[in-house]
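Only one structure is covered here, and it is reproduced in the block below.
No value in this document is a laboratory result; all are computed from the given coordinates. All figures in this text were calculated on a predicted structure; none of them were measured in a lab. Glycine gets a Cβ as well: all are built from the backbone with ideal geometry, and neighbour counts include every protein chain shown.
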Amino acid sequence: MDSYSISELRDKIRNYQKKDLIQRPTPFYKLENLSRILGGPQIYIKRDDLTGLAFGGNKSRKLEYIMQDILDKGADVVVTWAALQSNWCLQMAAAAKKYGIKPILVLFKTYDLPEEYDGNLLMDYLLGADIRIRNAGKGQIIREEEAEELLADVLSEVKQQGLKPYFAPIGGSMVGGSMDIPLGAIGYVDAYVEMIEQASELGVEVNCVLHASGSGGTQAGLTVGAVALGKKVRVIGISVSEEKKSYCERVWKIYRDTVEALHLDVQAKLNDVIVHDEYLKEGYGIINKDVSEAIRITAENEGIFLDPVYTGKAMVGLIDLVKKGIFKKEENVVFFHTGGTAALFPNKHNLIRLARSYSKNFVDQRKRS
Ligand SMILES: *Cc1c(COP(=O)(O)O)cnc(C)c1O
């Protein structure tokens, strides 16, 4: 067997139960202005920033399956970790609270953001999450391999209180901790099917999907969807935190685990995993002029806000790849907006500083022409 119909793939996904956390389908439509300005392929957007849970984002789709697992396993506390302004931790805290589970968030300071209650950290606080802030190096990210050791004290503290913790891997992506199925990626196989249905209603044949990629679950899930439906759609991940070689391996592992978990009879190939790491620049969460410009261009032309850590960088990638001519004019490219917009606020100083130089260049260019 080499490909499945939409309903066959849906049936495979339905073998995993989930909690309802999001509004679906999230909007899908064409970015008319951006398509015209870039003069390249036809650009569509999938608004997964509008999932509806705690300001929205891709993590809430993943959490539908992960919350189910947390409840099935009878946990009363969920322990997870990520960077200080993590979207994952915020969404986890919101979902956990909704189901009466206590969230403990271990937040690592990885770049120069103030430790003040702003953006996601403000919302973590308002949600009453148990927040533990720790230091990590600048641009450093903590991976699953180290996390269990780094968080051992928190886990034993919970157990000593006679409570049962669920240890959730970063981003809900890689199997590990208490999660033994790539549940986050399964959420994104689901998202892929949803998007393809919306596209076909509009009579649009999708050629390519592009999105910000960080812990790998989103890309693995979208890639499984694309391969399972067998239409040769390229899924391009713009890496925001890791160099290409090791990141491809990470996505590849989650991809294979997802194919196995869904019992799909497809030929999964390493080549299906397409990663660009050239927009990573100074590293995770560090905003540069290109990111600030991409945010401005998208806001000014489409009235849509991207975030500075993930989707802004992905848009830098999309704009650059269009310029490099990797897409044909008649091709349809879907940009997945994966959320994260609350991070605009704690990054305001850098964004304003960079936006000033952007406006200045813009004025200079106009004078010259
Ligand atoms: C986590 C996140 C991503 C990346 O998704 P992964 O599944 O971790 O690769 C992209 N965009 C935003 C806004 C995110 O919060």
Students often forget the sequence filter, so: which lysines lie under 21 Å Cα-Cα from Lys109 once same-chain residues fewer than 8 apart are removed? Lys59, Lys138, Lys281, Lys313, Lys348
Based on the inverse mean of 1/r over its pairs of different Cα atoms, what is the Kirkwood hydrodynamic radius of the stretch 224-369, in Å? 17.1 Å
Suppose only helical runs count, i.e. DSSP H with n ≥ 4. What mean residue ellipticity at 222 nm does that imply for the chain under -39500 (n - 2.57) per run, divided by all residues and rounded to the nearest 500 deg cm²/dmol? -14000 deg cm²/dmol
So which residue, out of Leu21, Leu150, Leu306, gets the largest mean-square fluctuation from a GNM of the chain using Cα contacts under 10 Å as springs? Leu150
Once you place label points 7 Å from the Cα toward the Cβ at Asn33 and Glu146, how far apart are they in nm? 4.2 nm
Share antiparallel - DSSP beta bridges, the chain, percent rounded to 5: 15 percent
Taking other Cβ within 10 Å of each residue's Cβ, how do Trp88, Trp81, Trp252 sort, fewest first? Trp252, Trp81, Trp88
So what's the convex hull volume per residue for the Cα atoms of the stretch 1-47, in Å³? 118 Å³
Gaussian network model of the chain, Cα springs within a sub-10 Å range: biggest mean-square fluctuation belongs to which of Gln42, Gln17, Gln85? Gln17
Taking just the alpha carbons, could you work out the radius of gyration and Dmax for the stretch 147-245, both in angstroms? 17.5, 57
Write down the Å³ per residue value for the convex hull defined by the alpha carbon atoms of the stretch 227-285. 86 Å³
Phe305-Lys324 pseudo-label distance in nm [points 7 Å out on the Cα-to-Cβ vector]: 3.1 nm
Highest GNM mean-square fluctuation, the chain, Cα pairs closer than 10 Å: which of Asn135, Asn120, Asn58? Asn135
Give the residue list of trypsin sites (Lys or Arg not before Pro) in the stretch 43-109 that are DSSP loop and have at most 14 other beta-carbon atoms within 10 angstrom. Lys73
Taking all pairs of different Cα atoms in the stretch 171-303, averaging 1/r and flipping that mean, what Kirkwood radius in angstroms comes out? 15.6 Å
Pop a pseudo-label 7 angstrom from the Cα along the beta-carbon direction at both Arg356 and Lys232 and give the gap in nm to one decimal. 5.1 nm
Quick one: net charge around Ile304, please, counting Lys, Arg +1 and Asp, Glu -1 for every other residue with C-beta under 13 Å from its C-beta. -2
Report the gain in length on full extension from Leu126 to Leu155: 0.36 nm times residue separation, minus Cα-Cα distance, nm rounded to one decimal. 8.1 nm
Expressed in whole Å with the largest first, what are the equivalent ellipsoid semi-axes of the chain derived from the C-alpha gyration tensor as the square root of 5 times each eigenvalue? 31, 27, 17
Which whole number in µm²/s is D for the stretch 1-132 by Stokes-Einstein, with the Kirkwood Rh taken over Cα pairs at 37 °C and 0.692 mPa s? 194 µm²/s
Computed over the stretch 84-155, the distribution of all Cα-Cα distances in 5 Å bins, rounded to whole %, is 3, 16, 27, 25, 20, 8, 1
